[in-house]
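Reviewing the structure listed below.
The values are calculated or read from the model by the stated rules, or taken from the named source; none is laboratory data. Since this is a predicted model, take the numbers as computed values, not measurements. Note that each Cβ is placed from the backbone with ideal geometry, even for glycine, and that neighbours are counted across all protein chains shown. Quick note on the areas: whole protein, heavy atoms, side chains included, nothing else; ligands and nucleic acids left out. Shrake-Rupley method; radii C 1.70, N 1.55, O 1.52, S 1.80 Å.
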Amino acid sequence: MINANFKNHFTVQWRSFAQLAFLDRQTSGLLIFLAIALVSVWSAFAAIVGVLINNSLSLIIKDYTVQEWKLGIAGYNGAIVGMYWGDSIFSIKGLCLFLVTLLLCLLIEFRLRALLIPRQLPILSLPAMASILLIVLTISLFSLDTNHLLFEGAAEPIFQTYSREIAIILVVSAMAYQYPLATLQTLGISLTGGLIAQWITGLSLYVLVDLWAINLALAYFSIKTLFLKHYRLATLAATFNTLLAWVIWYFWLITGLEQLSAPLLIPFIMSSLITLSLFKRYKNHNLLQSELWRTFQLLLTNRLRAKQCVAITGSGIRKGTLPDYPSGQWLDPKVPITSYTLAEFKTSKRCRYLYWKASFDYYQQALAINKNNIDKQLDYLLNHYLSGLFTETVDSLFNTEQHPVYECYGSIKRLYCLDCAQQQAWPPIPLWLQRDLHCQHCSGLLKPQILAADENIDPQCYQALQTNMVECGCLLVIGVPTITSVVSMIIENANSNKTPIIFIGTLPLGYFVEEKDIQLTGDIAHWLAEINWFINVLHPLKWSYKWKK
C-alpha cells in the first residue's frame with residue numbers, strides 16, 4: 001500500500017512535473033515548475049493544484065501501482081490541465097472549467113489505461129489533450145467563449161522580457177541534468193525542424209517555439225530516453241517519431257484545423273503511439289534488428305573511407321548437401337586420421353587407396369550439387385563489394401573467372417602433381433582402383449588437390465590473405481561452424497588490427513564475440529540478400545576497389 005506521508009507527497013509532486021519532460025528526478029521537476037511559473041504564475045499555481053488532486057485521488061482509486069505513483073506518473077496530466085486553464089482560474093467560469101476538465105481528464109485517463117496498458121502502450125498526455133479539446137469544442141458548439149480554442153490567455157510572466165527564454169533554459173537544464181547526450185541531440189533536432197518549418201510556413205522561429213519545438217523535442221527525447229531507451233534502434237525510432245510528428249503538425253496547419261483548436265501536444269501523442277505500435281509489432285523483423293543496422297553503418301563507413309571488405313566462408317553454406325571438409329566428416333571414421341597424411345600418401349599404397357576412395361566419394365557428391373541461393377548472393381557480393389573471398393569449401397562452385405576466390409583447402413574437382421604441381425582433371429573412370437596415377441608432364445605422383453591432414457595452406461592463398469587484410473575495413477565470417485587453423489589465422493589478423501568482424505549464419509564454436517563484432521544469426525541467404533540490397537543502395541557512391549591477388 002502507498003505510504004501517504006508528507007515526505008512522499010512532496011517528492012511525488014515534483015516528480016510529476018519532471019514527468020512532463022519524461023524525467024523522474026525531484027530536481028528536474030522543480031526546474032520545470034519554475035519554468036512554467038516564469039511564463040505564467042497562475043498556470044504554475046493551477047498546475048500544482050491539478051497535480052495534487054490527481055496524485056491524491058490516485059491513492060483512493062488505486063489505478064496506479066505504488067512504483068508508478070512514486071515516480072509521479074499519476075499526476076502529470078493534471079499539471080497539463082492546470083497549465084491550460086491557469087490564466088483564468090481565479091474567475092468563477094475559469095475555475096469551473098478547470099475542475100470539469102480535470103474530472104473529465106481523470107475519467108479518460110482511467111479508461112485509456114485499461115485500453116492501452118495491456119497493449120504495452122503509454123497513455124502519454126492523451127487524457128489531458130482529449131479532455132481539453134472536448135471542453136473547448138463544447139464551448140465552441142454553444143458559442144460561450146471562443147478565446148480558449150486557440151490557447152489564448154492573459155499570461156502573467158514574472159519578467160517583462162526574456163521570461164520564455166529563461167523558461168526554455170530551465171527545461172533544457174532539467175533534461176540535460178539527467179540525459180545530457182540525448183538533450184544535445186534533441187536540441188539539434190528541434191532547431192533543424194524549426195528552421196525547416198520556418199522556411200516552409202513563413203512563420204518566425206520565435207512563434208514556432210510554443211507549438212513546433214515542444215512536439216519535436218518530446219517526440220525525440222521520449223523515445224530516446226524512456227520508451228526505447230535500451231534498444232540500439234532508439235535513435236532511428238526517435239528520428240522517425242520526430243518526422244511523423246512534423247507531418248501531423250503540418251497537416252494540422254495546412255488543413256485549417258488550427259482555426260478550430262491549436263495542435264498542442266497532439267502531433268507528439270499521435271506520432272508516439274504510431275511509432276511504438278509499429279515498433280512493438282515489427283521489432284522482431286529482420287530489417288529492424290539492431291545488428292543489421294550496425295552492419296549497414298559499417299558498410300557505409302567502409303565505402304566512404306574506401307576500405308576493403310574480406311570474406312571467409314565455411315561449411316555452413318553447404319549445410320545438408322556436403323560433409324564438412326575441415327572437420328574430416330568426409331573421411332572413413334574407422335580409419336585413423338594419420339592414414340590420410342601426405343607422408344603416408346607418398347609412402348603407403350594402402351593409404352593412397354584410402355585417400356583416393358574418400359576423395360572420389362566426396363568428388364561424386366560435389367558433382368551432384370548446384371549453386372544454391374547462398375552462392376548466388378555471394379556471387380553478387382563478390383562482384384560488387386568484396387576485395388577477396390576465402391572459402392573452406394572444396395567444391396569449386398564459385399565463379400573464379402572474373403574475381404579471385406581463394407580455396408584454402410584446395411579443390412576436390414582437380415588433381416595435381418606432387419612433383420611439378422601441374423593440375424589435371426579427374427579421369428573418366430576410377431583408374432586409381434587399379435594403379436597409381438601419374439602426371440602427364442613429369443610422371444610424378446598425382447593426388448587430389450584437396451589438402452591432406454599434414455599439408456599447409458597454399459603459399460599463394462596465404463599471401464593473398466595477408467595482402468587483403470592490410471586495408472580491410474571489415475571481415476565477413478559466413479557459415480563457419482568451428483575455429484579451424486585458417487579461420488583462427490584470419491580472425492587473429494582482424495582482431496590485431498581492430499577490424500570489425502560480421503558473423504553471418506552462426507558463431508564459430510569456442511569464439512567469444514568482442515564489442516566491435518556483429519552477429520547475424522539464422523538464414524545466411526536472407527542476411528546476404530539484405531546486405532546486397534544495401535550495397536546496391538550504396539552503388540552511386542563511386543567506390544573503386546582493387547582486387548588483390
key: Per-region count, region 414-447, residues at negative phi, surrounded by fewer than 18 Cβ atoms within 10 Å (Cβ to Cβ) and either of a type outside the set (A, V, I, L, M, F, W, C) or within 48 Å of the chain's Cα centre (by Cα) (or both)   = 15
ask   = Are there any pairs, at least 6 apart or on different chains, whose C-beta atoms fall under 8 Å, with the first in region 66-95 and at pLDDT below 85 and the second crowded, with 22+ Cβ neighbours inside 10 Å and in a loop (DSSP other than H, G, I, E, B), and if so, which?
value = Asp87/Ser40
remark   = Flagged pairs (Cβ under 7 angstrom, 6 or more apart or on separate chains; first in region 436-464, more than 20 Å from Val394 (Cβ to Cβ); second of a type in the set (Gly, Ala, Ser)) are His438/Gly444
query = What is the residue count in region 253-276 for residues that are open to solvent by less than 50 Å² (accessible area, probe 1.4 Å), at pLDDT 80 or above and among the hydroxyl-bearing types (Ser, Thr, Tyr)?
reply = 3
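Out of all the residues in region 10-39, which are more than 25 Å from Glu165 (Cα to Cα) and either touching a helix residue (DSSP H, G or I) at 6+ places or on another chain (Cβ under 7 Å) or among the acidic types (Asp, Glu) (or both)? Give the steps one after another, and end with the answer.
Filtering region 10-39 for residues more than 25 Å from Glu165 (Cα to Cα) gives 10-12.
Within region 10-39, Thr11, Val12 qualify.
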request  = Return the only residue of Ile524, Ile450, Ile531, Ile535 being in contact with a strand residue (DSSP E or B) (Cβ under 6 Å, 6 or more places away or on another chain), among the hydrophobic types (A, V, I, L, M, F, W, C), surrounded by 13 or more Cβ atoms within 10 Å (Cβ to Cβ) and at pLDDT 85 or above.
outcome  = Ile524
message = I need the full set of residues from region 4-31 which are open to solvent by 10 Å² or more (accessible area, probe 1.4 Å), aliphatic (A, V, I, L, M) and within 33 Å of the chain's Cα centre (by Cα), in order please.
response = Leu20
query = In region 38-77, what residues are among the acidic types (Asp, Glu) and assigned to a helix (DSSP H, G or I)?
reply = Glu68
task = Would you tally the residues in region 108-123 being closer than 13 Å to Leu273 by Cα and open to solvent by less than 70 Å² (accessible area, probe 1.4 Å)?
result = 5
remark   = By residue number, the members of region 500-517 that are open to solvent by 40 Å² or more (accessible area, probe 1.4 Å) and in contact with a Lys or Arg (Cβ under 6 Å, 6 or more places away or on another chain) are none
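Scanning for something of a type outside the set (Val, Ile, Thr) and on the phi > 0 side of the Ramachandran plot, does region 517-534 turn up at least one residue? Show your work before the answer.
Kept after step one, since they are of a type outside the set (Val, Ile, Thr), are these residues of region 517-534: 517, 519-520, 522-523, 525-530, 532-534.
Subsequent filtering for residues that are on the phi > 0 side of the Ramachandran plot retains 522.
Yes, there is a match, as at least one residue in region 517-534 is of a type outside the set (Val, Ile, Thr) and on the phi > 0 side of the Ramachandran plot.
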key: Some residue of region 326-337 being over 20 Å from Cys408 (Cα atoms) and aliphatic (A, V, I, L, M)   = yes
Unmet requirement for Phe151, which otherwise passes all of (1) at pLDDT 90 or above; (2) among the hydrophobic types (A, V, I, L, M, F, W, C); (3) closer than 26 Å to Ile274 by Cα = (1)
inquiry  = Looking only at residues that are in a loop (DSSP other than H, G, I, E, B) and over 21 Å from Leu264 (Cα atoms) in region 78-107, which one is most open to solvent (accessible area, probe 1.4 Å)?
reply    = Phe90
query = Within region 320-335, is there a residue that is on the phi > 0 side of the Ramachandran plot and surrounded by fewer than 16 Cβ atoms within 10 Å (Cβ to Cβ)?
reply = yes
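More than 41 Å from the chain's Cα centre (by Cα) and either in a loop (DSSP other than H, G, I, E, B) or modelled with pLDDT of 95 or more (or both), is that true of Leu144?
Working: more than 41 Å from the chain's Cα centre (by Cα): yes; either in a loop (DSSP other than H, G, I, E, B) or modelled with pLDDT of 95 or more (or both): yes.
Yes.
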remark   = Inside region 466-499, the number of residues satisfying the requirement of being under 23 Å from Thr301 (Cβ atoms) and touching a Ser or Thr at 6+ places or on another chain (Cβ under 9 Å) is 11
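Across region 188-208, what is the number of residues that are under 24 Å from Leu23 (Cβ atoms) and either touching a helix residue (DSSP H, G or I) at 6+ places or on another chain (Cβ under 6 Å) or open to solvent by less than 80 Å² (accessible area, probe 1.4 Å) (or both)?
We begin by selecting, within region 188-208, every residue under 24 Å from Leu23 (Cβ atoms); these are 188-194, 208.
Adding the requirement that they be either touching a helix residue (DSSP H, G or I) at 6+ places or on another chain (Cβ under 6 Å) or open to solvent by less than 80 Å² (accessible area, probe 1.4 Å) (or both) leaves 188-190, 192-194, 208.
Result for region 188-208: 7.
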message = If the requirement is being within 17 Å of Leu181 (Cβ to Cβ) and either modelled with pLDDT under 90 or among the acidic types (Asp, Glu) (or both), which of these qualifies: Tyr250, Tyr231?
response = Tyr231
query = Within region 349-400, how many residues turn out to be open to solvent by less than 30 Å² (accessible area, probe 1.4 Å), outside any helix (DSSP H, G or I) and among the polar types (S, T, N, Q)?
reply = 3
query = Are any of the residues in region 216-226 touching a Ser or Thr at 6+ places or on another chain (Cβ under 9 Å) and surrounded by fewer than 21 Cβ atoms within 10 Å (Cβ to Cβ)?
reply = no
inquiry  = I'm trying to understand the selection: among the residues of region 418-432, which are out of contact with any strand residue (DSSP E or B) (no Cβ under 6 Å at 6 or more places or on another chain) and free of Cβ contacts under 8 Å to residues at least 40 places away in the same chain?
reply    = Asp419, Cys420, Ala421, Gln422, Ala425, Pro427, Pro428, Ile429, Leu431
